[in-house]
Amino acid sequence: MSHGYHGIFGGAFIPEILRETFRRLSAAYSEARADPAFWAEYVQLMENYSGRPTPLTFASNLSREFGGRRVYIKREDLNQTGAHKANNVMGQGLLVKRMGKRRVIAETGAGQHGMATATMAARMGLECVIYMGAEDVERQRPNVFWMEQLGARVVPVTSGTRTLKDAINEALRDWVGSMDDTHYVLGTACGAHPFPEMVAWLQSIIGDEARRQILAQEGRLPTHIYACVGGGSNALGIFQAFLPDTGVELIGVEAGGDGLDSGRHAARLAGGDGRVGVAHGYKSYFLQNADGQMRDTHSVAAGLDYVGVSPILAHLWREKRVRFAAATDVEVVAALKRLMRAEGIIPALESSHAVARALKELPDLPTDAVVIINLSGRGDKDILHVADAIGDPGWRAFIQAKAAHYRGMGERP
Ligand SMILES: *Cc1c(COP(=O)(O)O)cnc(C)c1O
């Protein structure tokens, strides 16, 4: 790998005006990576602030249901703000301090990355601006409320489709004018070099722990590891520690949405119709139409609903080191319900993709299989979607009562 290329994927396709900023970021990242004190400080911060190491929970009930095949769950849901995103933002926060910057910006769709960034900024005493499509600001009111209470300024973006891609453009516009004192906190292992590598490195804390934990608990390496793939950061986070162990099968699970034949999905690699292209600063597989325009994607899980995929994962897929599969929305909701009932764990809809694929393959795995599912986040945030998908009648009544209450408030003089 050189200049941020992984095979033919990656690179840094950025406007000239940002070159110097990226050069400085690359230098700061390389220095931090070569300095054991940085990693030690990072691990200590994550232990102290985010409950690390997260447990590797033996799923005893599921294991019994699958005839003694041993199922483990890596509990990234127990992090600060409820997902692996904390690993990335806290690490970048330390890097911001190292670079002597005082302000961070980020863009967010469903709000999870914005929430994580806002908590980091509060903790580290940084000014924080979050760009969010105006449409998403309305849909994600609770997250917007918390981000503002945490001290971030949330800027609704009213251009274009008023969603994530317009927020990305606005954030980049900000950065061009503010790069001297501002860092752009990217949320996943995508974007221009050094972001994919840097984010994957910060997330590698997941796999480092999981490898130690499975050896301590099981006395051997796992046979299969399942992780969901949006941009690819939680998957790379757990996969990297096992790349040299060719006996460990690594499975990335993308959003199958309404099914791969429906066209309504976000399966860039497993879907078979993703194509190599350059967008958002990097070269990888993207879901595009015939003339190269980015296609609309669909998933029940907002965190997996993205047109591109990490260039590092695209390369590992081409090299046949990581296998890709998809789980449909229907399979995902069923898996979520099953994990809740079997183990008392409420997984995020994103993470439930990894659960769904593992549940589907488990009956056909060797009886001595040892499986790790990377549970990237917790599901509390998904209550609206899940209650809707399950068709819970009590929930509908609750929403109607609330709506009536707020209408009543509006009518007061
Ligand atoms: C954001 C998110 C994802 C998707 O991001 P990756 O970079 O692919 O890991 C997955 N799970 C949860 C819970 C998330 O919040």
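Each reported figure results from applying straightforward, stated rules to the coordinates on display, with no laboratory input. These figures come from a predicted structure and were not determined experimentally. Cβ placement follows ideal geometry from the backbone for every residue including glycine, while neighbour counts extend to all protein chains displayed.
What the table below lists for this structure:
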item	result
Neighbour-count ranking [beta-carbon atoms within 10 angstrom, fewest first] of 278, 199	278, 199
Antiparallel bridge percentage (DSSP; both residues within the chain; nearest 5)	30
Of all DSSP beta bridges in the stretch 244-337, antiparallel share, percent nearest 5	55
Fewest-first sequence of 39, 201 by Cβ atoms within 10 Å of each Cβ	39, 201
Point-charge dipole on Cβ atoms (K/R +1, D/E -1) for the chain, about Cα centre, debye to 20	400
Pairwise Cα inverse-distance average, inverted: Kirkwood Rh of the chain (Å)	21.7
Residue pairs, from the table 360/381; 74/337; 283/320; 165/337; 381/402, whose Cα atoms sit over 22 Å apart	360/381; 165/337
Point-to-point label distance, residue 64-residue 138, nm (Cα→Cβ direction, 7 Å offset)	5.0
The stretch 340-374 and the stretch 1-53: distance between their alpha carbon centers, rounded to Å	31
For residue 153, residues with placed amide H under 5 Å, excluding near neighbours	128, 129, 130
